[in-house]
Amino acid sequence: MANSKQTSDEIVVKINGLNKAFGDHVVLKNFDLELKRGENRVVLGKSGSGKSVLIKCIIGLMEPDSGAIEVLGQNIPDLGHVELDQVRVKIGFLFQSNALYDSMTVRQNLEFPLRRHWMQITQKEVEEMVMEALDNVDLMHTVDMMPSELSGGMRKRIALARTLILKPEIILYDEPTTGLDPITSLEIIELINAIREKYKTTAIIITHDLKCVRLTADLVTMLIEGCNYETATYEALAQSNDPKIRQFFD
């Protein structure tokens, strides 16, 4: 379990009464969550339970039907485009699909967020930031390669490098180990923990991979029937007799 870093009492993400439905299909129902600075929080739920919808609401990619989402003191649903972009600079989002641009080299993919957020930096500084990000994931040699030349695990690491390049305070990981073989999955898990130690990041990790949960989570939030059904340590949840929780561990 990843609790080698002490968290502070500062709340950096606070969600109250979050509701989101698509027609008659209720995905999130009065969902609540508080995340402390420096914490790795896993949100565990079945496929289709609303985990990805949750983090898309947090980052402002999807609008909730109701409820409050405060990130670093800002209520996300109330922000305009410019204000939202200013908050997003402080939030890294690792997409499940990686979302790399196939027509761009690795270098260009990593430079993209620097250009998008109007960073006033020299080309030399851009190059240094790109290489530092690649060094963090041990893939400096891929800088001029295309995404199509990389393995699935390498593409995930490049996507993580791109997430890190702006040195975000909070990282949202959407199913970071899905589709990867066990060895590569473990490498990604180790990277998640190493990044927190190096950059003192806070993270929400969306997953149904129990190894990822066990090795990264300080606390686990069970997303069941749209709500925060239970929040506890991995060990406490693994020993629970509640059948709705037990189904994840049996």
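Just so it is clear, none of the values below were taken in a lab; they were calculated from the coordinates. Since this is a predicted model, take the numbers as computed values, not measurements. Cβ atoms come from the backbone with ideal geometry, glycine included; neighbour counts cover every protein chain shown.
Numbers at a glance
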read-out	value
The chain: angle of helix 106-116 to the longest principal axis, Cα-based, in degrees nearest 10	70 degrees
Acute angle (nearest 10 degrees) that the helix 123-136 long axis makes with the longest principal axis of the chain, alpha-carbon atoms	50 degrees
C-alpha long axis of helix 182-199 to longest principal axis of the chain, angle in °	80 degrees
Note, ³J(HN,Hα) from phi for the stretch 148-155, Karplus 6.51, -1.76, 1.60, rounded to Hz, x at Gly and Pro	5, 8, 9, 6, x, x, 5, 4
Efficiency of FRET from Cβ geometry, THR122 and ALA194, R₀ 30 Å, rounded to 0.05	0.60
J(HN,Hα) series, the stretch 17-26, from Karplus relation 6.51 cos²θ - 1.76 cosθ + 1.60, nearest Hz, glycine and proline x	x, 6, 10, 8, 9, 10, x, 8, 8, 7
Long-range amide H partners of GLY226 with built H, under 5 Å	none
Proximal aspartates and glutamates to LYS200, defined as alpha-carbon separation beneath 12 angstrom and excluding residues fewer than eight positions away on the same chain	GLU39, GLU169
Ordering of 188-198, 170-180 by packing [mean C-beta count within 10 Å, highest first]	170-180, 188-198
Alpha-carbon centroids, the stretch 145-173 and the stretch 183-238: separation in whole Å	18 Å
Per-residue HN-Hα couplings for the stretch 157-168 [Karplus 6.51, -1.76, 1.60; θ = phi - 60°; Hz; x = Gly/Pro]	5, 5, 4, 5, 4, 5, 4, 7, 5, 8, 6, x
Placed amide H near MET145: partners under 5 Å, 5+ positions off or other chain	VAL106, ARG107
Helical mean residue ellipticity (222 nm; -39500 (n - 2.57) per DSSP H run of 4+; nearest 500) of the chain	-10000 deg cm²/dmol
